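What follows is one structure encoded as structure tokens, with my remarks underneath.
Rule-based calculations on the coordinates, nothing more; no lab input. Because the structure is a prediction, the values reported are computed rather than measured. For neighbour counting, all protein chains shown are included, and Cβ atoms are generated from backbone atoms with ideal geometry for every residue, glycine included.
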Amino acid sequence: MGILKTVRVLQLGAEDFSKSIQVSDAAEWHYEPDFSELPEKDFDVAVLDREVAEEEFAYLIRFLRAYCLFVMEAVPLTKGKLTHQLFVRKMGRRLSAEKLEVFLKEDLPDYFSGSYGEKYRPQELAIAQGFKGKVAWRGFEGVDLEGDYGNELTQIVFWRYNVPITGRQTLEFWLEYEKDDTVEISLEIVTVRFGYGTDPDLQDVRMFSEKELDSIIYVENRSDRGGYLFTSLRAKGHGCLRITALHDRHSRKGKGIFMPGGKRAVTSEREEIFYYFDPGNLRPPLNVYFSGYKTQEGFEGYYMMRGMEHPFLLIAEARLEGGGFYLGSGEYENAIEHIIRKHMKMLKFQDSQVILSGLSMGTFGALYYGCRIRPNTILLGKLLASIGDVAGNERIQRPGGFPTSLDVLHKTCGSLSGEAIDRLNARFWDAFDHTDWSGTRFAVAYMVEDDYDSTAYEQLQSHLKDAGARIYGKGLHGRHNDNTSGIVGWFQNQYREIIKNDFDRIRRKTGGQKQ
């Protein structure tokens with residue numbers, strides 16, 4: 001049988017829906033006619049068929065994710081009442097009686113906890129034997145092909161390793177590529193489902209056109225039988241074709257990227273930015289967290305930021321191997337700024353009511369976009385600032401330790417030369433030095449013997465010397481990755497102290513008035 005991920009569902013109401021409606025096999029159903037003591041554990045979905053009491057409100061605020069609250073249409077949402085507050089803070093959705101059956105039977109499995117996404121490694125890409133043109137490999141930037149692909153769509157490349165798919169699972173794919181107008185492509189995905197006993201394996205072949213590739217591709221296994229997917233790219237015509245990356249992810253069928261409510265922005269070059277917003281208690285500050293380096297695609301820091309109770313915004317990316325330091329084209333960088341400002345506008349917050357934060361690779365994102373946002377605080381752990389130097393240290397200080405830095409240098413500057421290193425450093429520091437930092441605090445935890453960017457904290461102090469900003473830091477002995485737990489502990493403590501002293505305490509003194 002197919003393997004469905006368990007989805008913990010809580011229903012409050014006078015009637016137990018599971019007694020009269022077929023509920024998905026994935027559901028671990030908890031019906032509460034009258035609220036009782038429940039385990040201190042997150043629910044994946046809550047369905048309300050009545051208004052909530054005070055203790056229920058407090059429980060659901062703590063143990064339910066945003067975008068996972070469903071309130072029946074018959075339940076009143078009176079402004080100022082607890083049910084309305086819960087609805088707003090959890091980005092709730094109305095559910096009609098007509099759609100309830102479909103939701104409980106078909107949609108619940110899409111609210112599984114956790115997430116998974118990955119990218120096929122360049123080493124797993126193979127060139128078809130029939131292609132006689134030019135091939136140039138560019139590390140994690142991709143592979144360039146140039147030549148004649150023929151008059152019919154013919155296999156040009158394929159990925160050596162297959163992707164497993166379980167019974168009743170849906171996977172989604174996104175292809176990053178560039179090509180000349182004289183080249184036409186299609187993506188082929190073959191699903192091979194395992195047979196039982198003497199039954200043969202079953203195959204399902206699907207071809208996706210360029211127009212279909214403009215959107216995420218969904219491959220659904222409707223069978224209980226698991227199997228695997230084989231992927232290849234076909235092409236015809238003549239010219240240049242650049243294959244950057246093929247991504248596959250566990251799908252929620254449009255209900256969110258990685259998490260319920262997760263979103264993505266895509267540039268004209270097909271580069272993705274992922275973001276997730278949680279309104280929290282709707283009070284300042286807006287805590288923006290940039291994910292660090294991670295090869296498994298998805299968001300970082302969710303539970304840490306949720307624990308702060310205030311609104312938060314997670315930002316992540318999946319370019320190169322583990323991320324590209326949030327550097328990109330003007331379109332790409334403007335999109336990140338727009339995402340932050342869109343949520344500030346939604347909350348009616350000013351720049352001074354924002355905290356930008358991150359760890360390691362995420363510190364650069366917080367610093368770089370701090371030049372545009374100019375927040376209350378930039379909170380950093382394992383500081384990285386001169387990314388050119390991070391790449392330059394790969395040869396002597398850290399051989400083989402972080403080759404992604406070389407990809408970032410080459411992708412951004414088109415070279416690995418000393419001049420390119422200086423240019424990449426200057427790209428950040430020029431923007432930093434032309435920013436008015438008066439009123440911004442920099443709270444920094446750094447590694448004293450950091451083998452990635454050994455002078456980052458001293459450089460930051462030097463560049464802020466006459467800027468009117470506040471800066472303080474804590475140095476821990478060791479190389480970049482020697483004491484992550486110590487860095488994270490300090491980072492979390494600072495977050496709580498800054499929120500308490502700069503926002504919660506002021507709010508109490510002013511009687512709850514927004515500053």
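Brief remarks on what is shown
- At least 20 Å along the helix axis (C-alpha) and Kyte average at least 0.5, DSSP helices within the chain: none
- Inter-centroid distance (Cα atoms) of the range 369-421 relative to the range 235-272, Å: 25
- The DSSP beta bridges internal to the chain are antiparallel in roughly 60% of cases.
- Average Cα contact separation per residue, the chain, under 8 Å, 6 or more apart, as relative contact order %: 10
- Part-to-part distance (alpha-carbon centres) for the range 128-184 and the range 21-82, which is given in Å: 46
- Stretch gain in nm, segment residue 395-residue 309, where the contour uses 0.36 nm per residue and the Cα spacing is subtracted: 26.6 nm
- Assigned charges on the beta-carbon of Lys, Arg, Asp, Glu; the chain dipole about Cα centre (debye): 1380
- Loop-located trypsin sites (Lys or Arg not before Pro) in the range 214-246 (DSSP state not H, G, I, E or B) with no more than 16 neighbouring Cβ atoms inside 10 Å: 222.
- Dividing the mean sequence gap of close Cα pairs (under 8 Å, 6+ apart) by how many residues the range 383-506 holds gives a relative contact order of 26 percent.
- Residue (of 114, 487, 23) at the positive-pole extreme of the chain, dipole from beta-carbon charges: 487
- Sum of -39500 (n - 2.57) over DSSP H runs of 4+, divided by residues of the chain (222 nm, nearest 500): -7000 deg cm²/dmol
- Exposed loop sites, defined as GluC sites (Glu not before Pro) outside DSSP H, G, I, E and B with at most 13 other Cβ atoms within 10 Å, are absent from the longest region of the chain, namely 74-268.
- With the charge dipole of the chain set up from +1 on Lys and Arg Cβ and -1 on Asp and Glu Cβ about the Cα centre, the Cα lying farthest toward the positive end among the listed residues 413, 123, 442 is that of 442.
- Gyration tensor (alpha-carbon) shape descriptor, the chain, a/c threshold 1.5: oblate
- Over the range 179-275, relative contact order from alpha-carbon pairs under 8 Å, at least 6 apart, %: 30
- Once backbone amide H atoms are built at 1.01 Å from N, residue 7 has 27, 28 as its partners under 5 Å, excluding neighbours fewer than 5 places away on the same chain.
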